[in-house]
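Written out below as structure tokens is the structure these notes cover.
What follows draws every value from the coordinates through simple rules; no lab data is involved. What you see is a predicted model; the values in this text were computed from it and never measured. We place every Cβ from the backbone using ideal geometry, glycine too, and count neighbours over all the protein chains shown.
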Amino acid sequence: MPVEPLSQKEIEDRLAELPGWSLEGDRIARSYRLGSHSAATAMVVHIAQVQEELDHHSDLTLGYNTVSVSVNTHSVGGAVTELDFELAHRIEELASGHGAH
Ligand SMILES: C[C@H](O)[C@H](O)[C@H]1CNC2=NC(N)=NC(=O)C2=N1
């Protein structure tokens, strides 16, 4: 089944289950703080591995001890879809293992 853009209501309902994530323009996004630059770097590498597994890729920004993620779905013209929420949930699952908050 082809992926379709979610409605505003569908996005809000899904964001309610993802504390820390928000809609920023046409993307869902969250920033994390970590204990060190190496911890933040390791989290970026881990996210990149998940993204390859899912074949869905966010924009990732590595700071000194921060990681910022934002994602939408290019193939539907940059709208938010279920694929973005699937990636967000996978990132939430791995974040605690990196001490991210
Ligand atoms: C060919 C490949 O499946 C596509 O280019 C994938 C790769 N990663 C992607 N990532 C995101 N965020 N949106 C996409 O539409 C997308 N498409």
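What size of dipole, in debye to the nearest 20, comes out for the chain about its Cα centre when the only charges are +1 on Lys and Arg C-beta atoms and -1 on Asp and Glu C-beta atoms?
Numbers: 6 positive and 16 negative charges, 94 e Å.
Dipole magnitude for the chain comes out near 460 debye.
Normalised by the number of residues in the chain, what is the relative contact order in percent for Cα pairs under 8 Å and 6+ residues apart?
That works out to 35 percent.
State the percent of C-alpha pairs, over all pairs in the chain, separated by a distance greater than 22 angstrom.
The share of Cα pairs beyond 22 Å in the chain comes to 25 percent.
What do you get for the angle between helix 82-95 and the principal long axis of the chain? Use alpha-carbon atoms, 0 to 90 degrees, nearest ten.
Helix 82-95 sits roughly 20 degrees off the main axis of the chain.
Which of the GluC sites (Glu not before Pro) found in the stretch 2-101 are loop residues per DSSP with 14 or fewer other Cβ atoms within 10 Å of their Cβ?
Glu17
Whole-Hz Karplus ³J(HN,Hα) for the stretch 20-25, in order, using 6.51 cos²θ - 1.76 cosθ + 1.60 and θ = phi - 60°, x for Gly and Pro?
x, 8, 8, 8, 10, x
For the chain, what does the helix formula give at 222 nm: sum of -39500 (n - 2.57) over DSSP H segments with n ≥ 4, over the residue count, nearest 500 deg cm²/dmol?
-12500 deg cm²/dmol
One-quarter of the Cα convex hull surface for the stretch 19-75, in nm²?
4.1
Which of Val76, Val45, Gly35 sits farthest toward the positive end of the charge dipole of the stretch 21-94, with +1 on the Cβ of Lys and Arg and -1 on the Cβ of Asp and Glu?
Farthest towards the positive pole: Gly35.
For helix 37-54, what angle does its Cα long axis make with the longest principal axis of the chain, in degrees from 0 to 90 and rounded to 10?
30
Pull out a ≥ b ≥ c, the square roots of the eigenvalues of the alpha-carbon gyration tensor of the stretch 1-48, then state rounded if a/c is under 1.5, prolate if not and a/b is larger than b/c, and oblate in the remaining case.
Prolate shape, in that a/c is at least 1.5 and a/b is the bigger ratio.
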